[in-house]
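The values are calculated or read from the model by the stated rules, or taken from the named source; none is laboratory data. These numbers were taken from a predicted model, which means no experiment stands behind them. With ideal geometry, Cβ positions are generated from the backbone for all residues, glycine too; neighbour counts draw on all protein chains shown. Just so you know, the surface numbers come from the protein's heavy atoms only, side chains and all, with ligands and any DNA or RNA stripped out. Shrake-Rupley method; radii C 1.70, N 1.55, O 1.52, S 1.80 Å.
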Amino acid sequence: MTNENWDLVIGIWDLIMAKPIVAIVGRPNVGKSTLFNRLVGERLAVTDEVPGTTRDRLYAEAEWGGVDFILVDTGGLEVQSSKLKKKLEDDLMAQVRAQAQMAIAEADVILFLVDVKDGLTAGDEEVAQVLRRTAKPVLLVVNKADNRALREAAVEFYALGLGELYPISALHGTGTGDLLDQVVGAFPVEEEEEELEAVKIAIVGRPNVGKSSLLNRILGQERAIVHETPGTTRDAIDTQVEWEGEPLVLIDTAGIRRKGRIQRGVEKYSVLRALKAIDRADVVLLLIDAVDGATAQDAHIAGYILEEAKSVVVVVNKWDLVEKDTHTMQAYTEDVYTVLRFLDYVPLLFVSALTGQRVDQVLPTALRVQEERLIRIPTAELNRVVQEAVARHAPPSKAGKRLKFYYATQARVDPPTFLFFVNDPRLVHFSYERYLENRLREHYGFLGTPLRLSFRKRGKG
């Protein structure tokens, strides 16, 4: 995957963070891409008379009645493939089905599109059987109803047992306004309070470093499938647990490969969901393979975590496979902090998910890091620490002008954010900002937690 495509994936990730998702599913060639283009107002999806043109899912932002949402176009969903098809065609359709099924899994509302000109088909029956198993809202949309006679013919689709149906013409736009009214009305009401009750801990890392194995060892059961083949976990899997009276959500994720090695289709969106898991987590467990050591890709993943200002615990797994002497752990620690040089404040655990060695330290360390994330420093105390830091090491001058500090305050927690009022923010060099951060950590710890420092201009008065 090229850097441009990777940037597009990250852009998609930014889009879907907090907006409802609407997935368009159905047999091939029923007009899904045409409807997608109609609803987003642009010709983004390639439309063609050849069934199966859309293989991967396509995301775009849409809006109706002042409500923003994400629309997902999918490949055709065929539950059964003909035995007469070639193996290559079977493999392709399997990938398309996987894409559609993942869209269904992540969607808030599903548009099931059928073709009134084809009439009710066995393929429609099979798709409906899949959709009846979901608890999510499913709107049955009968496409190509371009005239009154075709709209009347749409009633045969009531036989699918999916409730009310919506005759439309995606090509001409007929009926799409009423459909969008129903879509927006079906969006779930957010329950933010429930989301905030539990500490969310995401387990991330390269493929095959033992993320699912660690989850299973923590839980003491086979909650996630574990297999030697890299990339077994496709979706971010949430597991709700209680640890010493503390409600937790553990999030297992797919392995994150290097950009150039991310394959099209299923894997690309698995990575997308892993990145989304980082965004909604409170604490991230970054797993490193002890046999491989810390790699450039581990640093790359750490960069994503840092960009989202998440708290981190670095967990070195498979420690049982490393030959050791009295200096091994210290040397390994130095190597890890060298590769992850911008995460030198995070705790490091050496564990074995296979044998259980030190796994009992993972959750206590994660919860301690979460507590550090919520530390609030009284303003008077903060200013005393800043004054002492400035007195110990005066700010540098630039073009004869010296940086002066007037006042400091903690603007927020989660993550801890500090606001410094100075005479000229342009005089703040990165090295001095890092110096101030180190002084704060020296006094208050902030173990595993990133700090945000902001500098604002203010006169002496």
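Note on exposure: 337, 432 ranked by accessible area (1.4 Å probe, complete protein assembly) read 337, 432, with the most exposed listed first.
Per residue, the stretch 348-461 exposes 52 Å² of accessible surface when a 1.4 Å probe is rolled over the protein heavy atoms with every protein chain present.
Multiply the residue separation of residue 454 and residue 355 by 0.36 nm, subtract the distance between their alpha-carbon atoms, and state the gained length in nm to one decimal.
Details: separation 99, 0.36 × 99 = 35.64 nm, distance 4.48 nm.
Taking 0.36 nm per residue and subtracting the Cα distance, the gain is 31.2 nm.
Extending 7 Å from the Cα toward the beta-carbon at both residue 344 and residue 153 defines two label points whose distance is 7.3 nm. If R0 equals 56 Å, the separation of the Cβ atoms of residue 409 and residue 334 corresponds to a calculated FRET efficiency of about 0.95.
On a 25 Å Cα-Cα criterion, which of the cross-link pairs 211/324; 276/457; 19/117; 276/324; 32/211; 200/324 come out too long?
276/457; 19/117; 276/324; 32/211; 200/324
Over the stretch 303-401, the alpha carbon radius of gyration divided by the compact-protein estimate 2.2 N^0.38 Å works out to 1.50.
Length gain on complete extension for the stretch residue 323 to residue 130, per 0.36 nm per residue less the alpha carbon to alpha carbon distance?
64.4 nm
A Förster distance of 41 Å, applied to the separation of the beta-carbon atoms of residue 105 and residue 433, puts the FRET efficiency at 0.45.
Solvent-accessible surface (1.4 Å probe) assigned to residue 368 amounts to roughly 130 Å².
Each 10 Å bin from 0 upward holds the following percent of the Cα-Cα pairs of the stretch 389-461: 18, 54, 25, 4.
Residue separation of residue 394 and residue 172 scaled by 0.36 nm, minus their Cα-Cα distance, works out to 73.0 nm of gained length.
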